[in-house]
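S.K.: Here you go, one structure.
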Amino acid sequence: MKDQMEDIKNARDNWQETVVDKRVKRFNLQKSPTRFFTPKDIESHSFLEKVGFPGEYPFTAGNNPFDFWRAYAEDAAKMGYRPDWGGAGGVGKYGGFGTAEDYRDYLKRMHAMNRKGGPNIAFDLATQCGYDSDNEMASGEIGRVGVAIDSLGDFKTIYEPYTGDLEIDKVPSNFTINAPAAVIIAMYAVMAESRGIPLTNLKGTPQNDILKEFIARGTYIYPPKASLRLFRDTCEFCTRKMPKFNINSIGGYHMREAGASREQDLAFSMSNGIAYLQAGIDAGLGIDEFAPQFTFNAFGGSMQIYHEIAFQRAARRMWARIVKEQFGAKNKRSMLIRQPITAHIGCISTTRQRTINNLPRAVIGGIAAGMSGGIPGAFPPFDEPLGLGHSQEAVQLQLDATRIMIYEAGVADVNDPWAGSYFMENLTDEIEANALAEMDKIKKMGGAIHAIESGYMARAIAKSAYEHQKRIESQEDLVVGVNCFNTENEIDVTINRVVESTYDPQLMETAEKRQIEKLAALKRGRDNTTVLSLLNTLRDHASDESVNLMSDICECVKNDVTLQEICDVLRDVFGVHMGSDHA
Amino acid sequence: MDQSKKIRVLIAKPGLDGHERGARVVAYGLRDAGFEVIYTGLRQTPDQICSAAIQEDVNVIGLSILSGAHLSLTKKVLDGLKAQDADDIMVLVGGVIPDDDMNKLKEMGVAAVFTAGTSVSKIASFIKENV
């Protein structure tokens, strides 16, 4: 073996000199624009230790020998069923707008078109930031990027079409909610109780990943430590009361959208993940009691197909090792990065210029996904950069592109097709090593919470974003139609999107007014003495860090206390996060 | 204007939108291009933005909005400036802005709209030529 490596090294050196260097010189280049890898590049590689089998530790080759969707893919094609590939099993398309009534009616229309996935709710920014619709801060934002939820009544309205075959224990729900996740989870649990559905039957996923909000997405309310306490409370509540419900959906993708490098994405989200695991342990739970209900949200996101495949492999291996070696998990499921899609290009890779080019871009992401253990989803629809809401045409083309990858190209027919590639194993190791080095830096700072409080993570990402921009402006990075191939020699291809707008613009315009009227009526009609007394109890309990606040929040919700009223009490006790240091 | 004095720019995030990448990148880029740049951080009301612009005596306000609330938020900033006789401050808008709304923003009095994919050097040239 050693002799063989020696032979390879000699042969490679010889090739470099007599073939590559010669050609480089002939074309008058500084160095070769391409690379080639040999066994020498993964000399100490151990297949069992670093790759293993799909569905076995360290899960580099995939979480499963084949996923749920793959088992039924052929049937789905023949039955004329219209699965939303790319959504988590059974969950419908991410959406939400206007008032709860507007969104409910939209869902009914979707159901009539046989799109019956569980509600995958986008909340408006007021709701995400813990404000009611009548708050001055939220003026102009009500019902824009999602649906407005002020009270349990709003929440229940959304669910009116979900009965019978679509009862809430039959379809999973998704909530893209972070800072007020405890309130939304409470609304869901209270609604289930009022329908007589046992909480133990409920399935779904709240995003509940507050730490990345401080770094990337910006919808935080309280300071990091208090936010983690609320996470702990939801983690314990979900584990003990709703064991089939996922606890969170940890995102690296948002950081990448905000400008994080691949290594920052990996290191920061793993460090956040460790903080969440520790919060579960601090709640007195065993690692294998709650870690199996952790999920992730589409780690990664760039056009670099090879790197994104390696990234997924490295991420699975890193997380499995953390959960097993650092936290002592025994259950395989605890060690998995369970996520609805794996690799993808990220919305940040889409361009407004010659928008239809985003379709081939998304296909590249889909190929990377299919080759890294996920559904080969062509995400996002090509009209992503044109504004909120995708056209029906763009969604149709997205679904078809995904189907073409699955059925015609067979992209997902082989597990980890790159396993053993000298290049891919080398790249996976390199990405892992860089991420581990960055994680070590964070560990030395005292962990994720400290690296967030000091502004380190947010600053590092902002700097990476600016470096990226400079590379584009200097044409070091090339983006077709943006900083190259954008002269008058090109044709500016546009696609007619002759579809009714997904969301009725008239309703969007009037949502704020209607929502405020509804809120005022609610406040007039409820038992305000009870409201005050419940809020006082919540305040007392919030001051005691050892208390789990979920039962208090459930009581509040049940008695029509509004989302902001709950959040305001917690603001009083916990304080508010003032934003990251931007220097 | 007096070329010896640096042009002052306020980059602001009105409303609750937390997407900061564009705002930060433009702030860094304009600073490197020789402007005095102040970044407000997240969640500023239109009133806060107008006050900051007047206090800091800026020549330009760059509003970054990706939440779809650009028409109402921008109008409030423009009205606020007018109410305080500060409508000589140039207002630029960046973010996810549909084509139809670009014209509406310009009719309102926005000097230019820069959507994703715009180079910072283009924004810098626009400011230098028009302030």
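S.K.: Tell me, how many Å apart are the Cα centres for region A:1-24 and for region A:179-223?
M.R.: So the separation of the two Cα centres works out to 57 Å.
S.K.: Could you point to the residue in A:Ala521, A:Gly366, A:Gly447 farthest towards the positive end of chain A's charge dipole, with +1 and -1 charges on the Cβ of Lys/Arg and Asp/Glu respectively?
M.R.: Result: A:Gly366, furthest along the dipole toward the positive end.
S.K.: Starting from the Cα gyration tensor of region A:163-268, multiply each eigenvalue by 5, take the square root, and state the resulting semi-axes largest first in whole Å.
M.R.: Numbers: eigenvalues 162, 44, 24 Å².
One finds semi-axes of 28, 15, 11 Å for region A:163-268.
S.K.: Semi-axes of the equivalent ellipsoid of region A:84-181: what are they in whole Å, largest first, if each equals the square root of 5 times a C-alpha gyration tensor eigenvalue? Walk me through the intermediate numbers first.
M.R.: On the way: eigenvalues 112, 35, 28 Å².
For region A:84-181, the ellipsoid semi-axes come out as 24, 13, 12 Å.
S.K.: What residues from region A:38-56 fall in the zone where the backbone N is under 18 Å from a label point 7 Å along the Cα-to-C-beta line of A:Ala433?
M.R.: Backbone N within reach: A:38-47, A:49-51.
S.K.: Using only helices, what value at 222 nm comes out for chain A when you add -39,500 (n - 2.57) per DSSP H run of length 4 or more and divide by the total residues, to the nearest 500 deg cm²/dmol? Mind dumping the intermediate values first?
M.R.: Numbers: 23 runs with 269 residues, N = 583.
Dividing the helical sum by the residues of chain A leaves -14000 deg cm²/dmol.
S.K.: Of A:Thr530, A:Pro58, A:Leu230, whose Cα points farthest to the positive end of the dipole of the protein assembly as shown (charges on the beta-carbon: +1 Lys, Arg; -1 Asp, Glu; origin at the Cα centre)?
M.R.: A:Pro58
S.K.: For A:Gly525, what charge total do you get from the other residues with a beta carbon under 13 Å from its beta carbon, if Lys and Arg give +1 and Asp and Glu give -1?
M.R.: Numbers: positive: A:Lys518, A:Lys523, A:Arg524, A:Arg526; negative: A:Glu517, A:Asp527, A:Asp560.
Around A:Gly525, the charge tally is +1.
S.K.: A further question on this structure: Calculated FRET efficiency, A:Asp7 and A:Ala76, Cβ-Cβ r, R0 56 Å, to nearest 0.05? Walk me through the intermediate numbers first.
M.R.: Values: r = 50 Å, r/R0 = 0.90.
The value I calculate is 0.65.
S.K.: Let me ask something else about it. What size of dipole, in debye to the nearest 20, comes out for the protein assembly as shown about its Cα centre when the only charges are +1 on Lys and Arg C-beta atoms and -1 on Asp and Glu C-beta atoms?
M.R.: Working: 80 positive and 95 negative charges, 230 e Å.
So the dipole magnitude of the protein assembly as shown works out to roughly 1100 debye.
S.K.: Quick one: dipole size for region B:8-130, taken about the Cα centre, charges +1 on Lys/Arg Cβ and -1 on Asp/Glu Cβ, in debye to the nearest 20.
M.R.: Working: 13 positive and 16 negative charges, 64 e Å.
Dipole about the Cα centre, nearest 20: 300 debye.
S.K.: Further question on the same structure: May I ask for the angle, rounded to the nearest 10°, between helix A:358-370 and the longest principal axis of chain A, with both axes built from Cα atoms and the value confined to 0 to 90°?
M.R.: 80 degrees
S.K.: Which chymotrypsin sites (Phe, Trp or Tyr not before Pro) from region A:1-83 combine a DSSP loop assignment with at most 16 other Cβ atoms within 10 Å?
M.R.: Values: sites: A:Trp15, A:Phe27, A:Phe36, A:Phe37, A:Phe47, A:Phe59, A:Phe66, A:Phe68, A:Trp69, A:Tyr72, A:Tyr81; in loops: A:Phe27, A:Phe36, A:Phe37, A:Phe59, A:Phe66, A:Tyr72, A:Tyr81.
For chymotrypsin sites (Phe, Trp or Tyr not before Pro) across region A:1-83 that sit outside H, G, I, E and B with at most 16 neighbouring Cβ atoms in 10 Å, the list reads A:Phe27, A:Phe36, A:Phe37, A:Phe66, A:Tyr72, A:Tyr81.
S.K.: Can I ask one more? Which one of A:Asn120, B:Phe126, A:Asn489 is farthest out on the positive end of the charge dipole of the protein assembly as shown, using unit charges on Cβ (Lys, Arg +1; Asp, Glu -1) and the Cα centre as origin?
M.R.: Farthest towards the positive end: A:Asn489.
S.K.: Now, a different point. With θ taken as phi - 60° and the coefficients 6.51, -1.76 and 1.60, list the Karplus ³J(HN,Hα) couplings across region A:550-566 in order, rounded to whole Hz; mark glycine and proline as x.
M.R.: In residue order, the calculated couplings are 4, 5, 5, 5, 4, 4, 4, 4, 4, 9, 6, 5, 7, 4, 5, 4, 5 Hz.
S.K.: Further question: Excluding B:Thr115 itself, what net charge comes from residues whose Cβ is under 11 Å from its Cβ, given Lys and Arg +1 and Asp and Glu -1?
M.R.: Result for the neighbourhood of B:Thr115: -1.
S.K.: Pick out which of B:Gly41, B:Gly80, B:Gly117 has the largest mean-square fluctuation in a Gaussian network model of chain B, springs linking Cα atoms closer than 10 Å.
M.R.: Sorting by GNM fluctuation, first place goes to B:Gly117.
S.K.: Next question. Hand me the trypsin sites (Lys or Arg not before Pro) from region A:242-301 located in a DSSP loop with no more than 14 other Cβ atoms within 10 Å, in residue order please.
M.R.: On the way: sites: A:Lys244, A:Arg256, A:Arg262; in loops: A:Lys244.
Listed in order of number, the matching sites are A:Lys244.
S.K.: Please work out the C-alpha center-to-center distance from region B:88-131 to region B:1-75 and express it in whole Å.
M.R.: Between the Cα centre of region B:88-131 and that of region B:1-75, the gap is 12 Å.
S.K.: Which longest run of chain B has no exposed loop site in it, a site being trypsin sites (Lys or Arg not before Pro) in a DSSP loop with at most 15 other beta carbons within 10 Å, and the site itself not part of the run?
M.R.: Working: sites that count: B:Lys5, B:Lys6.
Result, exposed sites excluded: B:7-131.
S.K.: Run the dipole for region B:1-71 about the Cα centre, Lys and Arg Cβ at +1, Asp and Glu Cβ at -1, nothing else charged, and hand back the magnitude in debye, nearest 20.
M.R.: Working: 8 positive and 8 negative charges, 35 e Å.
The dipole magnitude comes to about 160 debye.
S.K.: Follow-up. At a temperature of 37 °C and a viscosity of 0.692 mPa s, determine how fast region A:458-557 diffuses translationally according to Stokes-Einstein, using the Kirkwood radius over alpha-carbon pairs as Rh; express D in µm²/s, rounded to the nearest whole number.
M.R.: Numbers: Rh = 20.6 Å.
For these conditions, the coefficient is 159 µm²/s.
S.K.: Also: From the helices alone, meaning DSSP H stretches of at least four residues, give me the mean residue ellipticity at 222 nm for chain B, per-run term -39500 (n - 2.57), in deg cm²/dmol to the nearest 500. Mind showing how you got there, number by number?
M.R.: On the way: 5 runs with 57 residues, N = 131.
Rounded to the nearest 500, it is -13500 deg cm²/dmol.
S.K.: I would also like to ask the following. Taking the Cα atoms of region B:8-130 alone, what are Rg (to one decimal) and Dmax (as a whole number) in Å?
M.R.: Answer for region B:8-130, Rg first and Dmax second: 12.7, 34 Å.
S.K.: Still on this structure, please answer the following. Considering only C-alpha atoms, what is the centroid distance from region A:527-567 to region A:353-400, in Å?
M.R.: 43 Å
S.K.: Apply 1/(1 + (r/R0)^6) to the Cβ-Cβ distance of A:Ser194 and A:Val493, taking R0 = 60 Å, and write down the FRET efficiency to the nearest 0.05. Can you show the working numbers first?
M.R.: Numbers: r = 52 Å, r/R0 = 0.87.
So, using R0 = 60 Å, E works out to roughly 0.70.
S.K.: Another question, if that's okay. What average count of beta carbons from other chains do you get within 10 Å of the Cβ of residues in A:465-471?
M.R.: On the way: counts 6, 10, 2, 2, 9, 5, 0.
Average neighbour count from other chains, rounded to a whole number: 5.
S.K.: Of the listed pairs A:Lys241/A:Lys441; A:Lys244/A:Lys332; A:Lys25/A:Lys463; A:Lys203/A:Lys330, which have alpha-carbon separations greater than 26 Å here?
M.R.: On the way: A:Lys241/A:Lys441 37 Å; A:Lys244/A:Lys332 16 Å; A:Lys25/A:Lys463 36 Å; A:Lys203/A:Lys330 24 Å.
Too far apart for the 26 Å limit: A:Lys241/A:Lys441; A:Lys25/A:Lys463.
S.K.: Where a Cα-Cα gap under 30 Å defines reach, which lysines qualify for B:Lys104, not counting those fewer than 8 residues away within the same chain?
M.R.: Once the sequence-local lysines are set aside, what remains near B:Lys104 is A:Lys513, B:Lys13, B:Lys75, B:Lys76, B:Lys82, B:Lys122, B:Lys128.
S.K.: Under 19 Å Cα-Cα from A:Lys22, which aspartates and glutamates qualify once same-chain neighbours fewer than 8 residues away are excluded?
M.R.: A:Asp13
S.K.: If you don't mind, another one. Any idea what angle helix A:392-403 forms with the longest principal axis of chain A, computed on alpha-carbon atoms, 0 to 90 degrees, nearest 10?
M.R.: Approximately 50 degrees, to the nearest 10.
S.K.: On to the next question. In Å and from the alpha-carbon atoms only, list the Rg and Dmax of the protein assembly as shown.
M.R.: 25.9, 87
S.K.: Quick one: net charge around A:Leu228, please, counting Lys, Arg +1 and Asp, Glu -1 for every other residue with C-beta under 15 Å from its C-beta. It would help to have the intermediate numbers written out before the result.
M.R.: Working: positive: A:Lys212, A:Lys225, A:Arg229, A:Arg232; negative: A:Asp209, A:Glu213, A:Asp233, A:Glu236, A:Asp282, A:Glu453, A:Glu545.
Net charge around A:Leu228: -3.
S.K.: May I ask you to compute the full-extension gain from A:Asn331 to A:Val576, defined as 0.36 nm times their residue separation minus their alpha-carbon distance, rounded to one decimal in nm?
M.R.: Difference between extended and current length: 84.4 nm.
S.K.: What is the angle, in °, between the Cα long axis of helix A:2-15 and the longest principal axis of the Cα atoms in chain A? Nearest 10 is fine, range 0 to 90.
M.R.: In chain A, helix A:2-15 runs at an angle near 80 degrees to the longest axis.
S.K.: Using a Gaussian network model of chain B with C-alpha springs under 10 Å, which one of B:Ile65, B:Ile11, B:Ile54 is most mobile by mean-square fluctuation?
M.R.: B:Ile54
S.K.: Kirkwood Rh over alpha-carbon pairs of region B:5-75, then Stokes-Einstein at 25 °C and 0.890 mPa s: what D in µm² s⁻¹, rounded to an integer? Write down the numbers at each step before the final one.
M.R.: Details: Rh = 12.1 Å.
Rounded to a whole number, D works out at 202 µm²/s.
Just so you know, all these numbers are worked out from the coordinates, no wet-lab data involved. Just so it is clear, the structure is predicted and the values come from calculations on it, not from any experiment. For neighbour counting, all protein chains shown are included, and Cβ atoms are generated from backbone atoms with ideal geometry for every residue, glycine included.
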